[in-house]
Amino acid sequence: MDATPLHEEELKLLEVRLNQLKLEYEKYFLGNRPTEPAQARAEIQKAVLRWSNARITNTALRFKFNSLNGRFQAFKRRWDTNLRQIDAGTYQRHVFKADLHDRERADSGSASADRREGARVDLFDAYRDALLATGRNPKGVSREQLERAVRRQEAAIKQKFGCERVDFRVVVSDGRVKLKAAAG
């Protein structure tokens, strides 16, 4: 039996496993996975090392392996950087969430209209910061656009639930930035 089809199948499997590992790390860094996928990473590292030491005579397979190896090395650098930042307490998503929780605690006792208007200004800042923290560009969102959207939602919620006050806060869910409303 020719060795090339076996290698080709192994390369396809390595590519699938690398893509899966990338997704697992993304889940881990988002907080959806409780532990780092270290075992899967070690298995891929072992396969990459085995292929690195093997002689690949087929040029197309060698090119594909080198491409996969380059991607894996780039991912490892990014993952290691994120892990170091988490250990140091400087990982942007964690810092952002902590700041957001602090803001929520600080705003929870406010009831005056002036304070609420100030909270809306803070809401825009929190929304912009959340966009930046999730890697999105905040240039397309203006303070006026957000204020109009908040007023529109506020009116609809007041009418639907018959309440006098609606509080908004910024939440990040599945990597997306959203406004969450609570009738008061």
Quiz item: Does segment 41-55 include one or more residues that are closer than 30 Å to S173 by Cβ, surrounded by 11 or more Cβ atoms within 10 Å (Cβ to Cβ), outside the structural domain of G135 (by TED's automatic domain parsing) and among the acidic types (D, E)?
Solution: no
Quiz prompt | Residues of segment 77-92 satisfying the condition of being in a helix (DSSP H, G or I) and either touching a helix residue (DSSP H, G or I) at 6+ places or on another chain (Cβ under 8 Å) or more than 25 Å from T134 (Cβ to Cβ) (or both) | solution = W79, N82, Q85, I86, Q92
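Results for (1) at pLDDT 85 or above; (2) assigned to a helix (DSSP H, G or I); (3) in the same structural domain as R128 (by TED's automatic domain parsing), shown as yes or no for each residue.
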site: R148; (1), (2), (3): yes, yes, yes
site: A155; (1), (2), (3): yes, yes, yes
site: V170; (1), (2), (3): no, no, yes
site: L179; (1), (2), (3): yes, no, yes
Practice problem: Find the residue count for segment 103-121, including only residues that are modelled with pLDDT of 60 or more and surrounded by fewer than 16 Cβ atoms within 10 Å (Cβ to Cβ). | Solution: 3
Practice problem: Could you tell me whether any residue of segment 38-51 is at pLDDT 90 or above and part of a loop (DSSP other than H, G, I, E, B)? | Solution: no
Quiz prompt | Pick from segment 150-170, criterion under 22 Å from E104 (Cβ atoms) and exposed (fewer than 14 other Cβ atoms within 10 Å of the Cβ), ranking: nearest to the chain's Cα centre (by Cα) | solution = R151
Self-check item: Selected residue (only one of R128, R136 is in a helix (DSSP H, G or I) and at pLDDT 70 or above)
Solution: R128
Quiz item: part of a loop (DSSP other than H, G, I, E, B) and modelled with pLDDT of 90 or more, is that true of E15?
Solution: no
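The values are calculated or read from the model by the stated rules, or taken from the named source; none is laboratory data. Bear in mind that the values here come from a model prediction, so they are computed numbers and not experimental data. So basically every Cβ, Gly included, is an ideal-geometry build from the backbone, and we count neighbours across all protein chains shown.
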